[in-house]
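Beneath this line is the structure, given in structure tokens, with notes to follow.
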Amino acid sequence: MDKKIAVLPGDGVGPEVVEQGVKVLEAIADRFQHQFTFHYLDVGAAAIEKFGVPLPSNTLEVCQRCDAILFGAVGDPKYDDLSSVQGRPEQGILQLRKKLGLFTNIRPVRTVPSLLHLSPLKKERAKNVDLVIYRELTGGIYFGEKGRNPDGSAYDVTTYHAREIERIARLAFKQATKRRGKLTLVGKASVLETSLLWRETVCKISKQFPSVKLEFLHADNAAMQIILNPREFDVILTDNLIGDILSDEASAITGSIGLLPSASIGDGTPLFEPIHGSFPRAAGEDIANPMATILSVAMMMDHFKLYEEASVIRHKVRHALEKGIGTAELHLDTVYSCSQMGDMIAHLITDHYELPHSNSVMGERVATII
Ligand code: IPM
Ligand code: MN
């Protein structure tokens, strides 16, 4: 298969983790005889430095011509004291999502048996969690009118059209039919008019999916239930802002936000990115966890309908973690740097290398393949 992939490393640890994602893509191309061509493009603070804008027109144009986008992260504390949100690096990803019409953000959250000790939840609560968040990505308060009034007050307007809700709702219901058949709509319908519209619209769509059980939760209660009963959730459907908040919260259950991938899909070129952000303190240290990016590459393979490729990547990641190998924040037996993790997963893919079974020899033996 021939695919053109836009690579947007961005800021902070973005370039480091994306480099590991590309290694994995190259390994997959090698093993399965695909042709992936990479187009490196600037975004975020990196683009502001060079071109004065967070999303240069060339970046957008090339992305539009590619089959998929591998995205790192954007954000730099240097821009924290800007008086307006408009010139910030974050606009790079926000404009890209909007311009490409990527209205659905998919964030799967699964706990890994070998990492349950890292979860802030008790093991019996954290085990077997398997949920996916469908977050609306191009509407709501993120993209509404915003500004300052002459009296110094500020505003951000939230608007949703029924059609914006329908299109993501259909995708979320479809996903629920392939999973455990449950969809939880999260909003604040007791207070917000937009949440009421979400409820009405989602109720209508639900008629086309009679096998899916639809439930409603208020956002405050949902935030609590995710911690108390995370296994109760299957597909969570929600708006842009609530989805942003709940996905960070849910990711914490797994023990590390460094493990969570995401896919953004819609009208234009789909985009795959880790959910962790630019983590500026770790930039250049080679300590960031590339697993979220590598698992985002697996989601890209799923999107290309390369299911075996996707499952090989997931298998290798899980295997390494089960063998006690991970980046520092995972506190496993063997600490690998970001680049070592990428090399290892790539080697496991191309060489059909299997990690040894005995824990005692693991550290040494694995180190020899790097
Ligand atoms: C995310 C990030 C972005 C968001 C930022 C970088 C604008 O937090 O992808 O979750 O808020 O959507
Ligand atoms: Mn976020």
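Tell me whether segment 26-40 contains one or more residues that are in contact with a Lys or Arg (Cβ under 6 Å, 6 or more places away or on another chain), more than 16 Å from ligand 2 (Cβ to nearest atom), of a type outside the set (Val, Ile, Thr) and closer than 30 Å to Lys178 by Cβ. Checked segment 26-40: at least one residue is in contact with a Lys or Arg (Cβ under 6 Å, 6 or more places away or on another chain), more than 16 Å from ligand 2 (Cβ to nearest atom), of a type outside the set (Val, Ile, Thr) and closer than 30 Å to Lys178 by Cβ. Of the residues making up segment 128-155, those that are touching a residue at least 40 places away in the same chain (Cβ under 8 Å) and farther than 20 Å from Val235 by Cβ are Ile141, Tyr142, Phe143, Lys146. For Val85, the conditions (1) within 16 Å of ligand 2 (Cβ to nearest atom); (2) in contact (Cβ under 8 Å) with a residue 60 or more places away in the chain; (3) hydrophobic (A, V, I, L, M, F, W, C); (4) over 25 Å from Gly152 (Cα atoms) all hold with the exception of (4). Within the option set Asp220, Asp156, being under 27 Å from Leu94 (Cα atoms) and within 16 Å of ligand 1 (Cβ to nearest atom) holds for one residue only, Asp156. Selection within segment 202-232: residues that are free of Cβ contacts under 8 Å to residues at least 24 places away in the same chain and farther than 20 Å from Lys174 by Cα. The member of this set that is most open to solvent (accessible area, probe 1.4 Å) is Met224. On inspection, Arg125 passes the criterion of being open to solvent by 20 Å² or more (accessible area, probe 1.4 Å) and assigned to a helix (DSSP H, G or I).
Checked against (1) in contact (Cβ under 8 Å) with a residue 60 or more places away in the chain; (2) surrounded by fewer than 17 Cβ atoms within 10 Å (Cβ to Cβ); (3) not aliphatic (A, V, I, L, M), Asp76 meets all criteria but (2). Looking for something of a type in the set (A, V, I, L, M, F, W, C), within 16 Å of ligand 2 (Cβ to nearest atom), touching a residue at least 12 places away in the same chain (Cβ under 8 Å) and under 23 Å from Asn105 (Cβ atoms) - is there at least one such residue anywhere in segment 286-300? Looking for residues that are of a type in the set (A, V, I, L, M, F, W, C), within 16 Å of ligand 2 (Cβ to nearest atom), touching a residue at least 12 places away in the same chain (Cβ under 8 Å) and under 23 Å from Asn105 (Cβ atoms), one finds at least one in segment 286-300, hence yes. Taken over segment 45-99, the residue count meeting the criterion of being touching an Asp or Glu at 6+ places or on another chain (Cβ under 9 Å), assigned to a helix (DSSP H, G or I), basic (Lys, Arg) and within 11 Å of ligand 1 (Cβ to nearest atom) is 0.
Against the definition (of a type in the set (A, V, I, L, M), touching a helix residue (DSSP H, G or I) at 6+ places or on another chain (Cβ under 6 Å), closer than 23 Å to Arg314 by Cβ and crowded, with 19+ Cβ neighbours inside 10 Å), how does Leu271 come out, yes or no?
So Leu271 does not fit the description; no.
Selection of segment 8-40 for residues being surrounded by 23 or more Cβ atoms within 10 Å (Cβ to Cβ) and outside any helix (DSSP H, G or I) yields Leu8, Pro9, Gly10, Asp11, Gly12, Val13. Tell me the residue from Leu259, Leu185 that is within 16 Å of ligand 1 (Cβ to nearest atom) and surrounded by 20 or more Cβ atoms within 10 Å (Cβ to Cβ), please. Step by step, each of Leu259, Leu185 is checked, and only Leu259 is within 16 Å of ligand 1 (Cβ to nearest atom) and surrounded by 20 or more Cβ atoms within 10 Å (Cβ to Cβ). The set of residues in segment 128-157 being open to solvent by less than 60 Å² (accessible area, probe 1.4 Å), outside any strand (DSSP E or B), under 22 Å from Ala292 (Cα atoms) and not β-branched (Val, Ile, Thr) consists of Leu137 alone.
The values are calculated or read from the model by the stated rules, or taken from the named source; none is laboratory data. Every value quoted in this text rests on a predicted model; they were computed, and no experiment measured them. With ideal geometry, Cβ positions are generated from the backbone for all residues, glycine too; neighbour counts draw on all protein chains shown. Just so you know, the surface numbers come from the protein's heavy atoms only, side chains and all, with ligands and any DNA or RNA stripped out. Shrake-Rupley method; radii C 1.70, N 1.55, O 1.52, S 1.80 Å.
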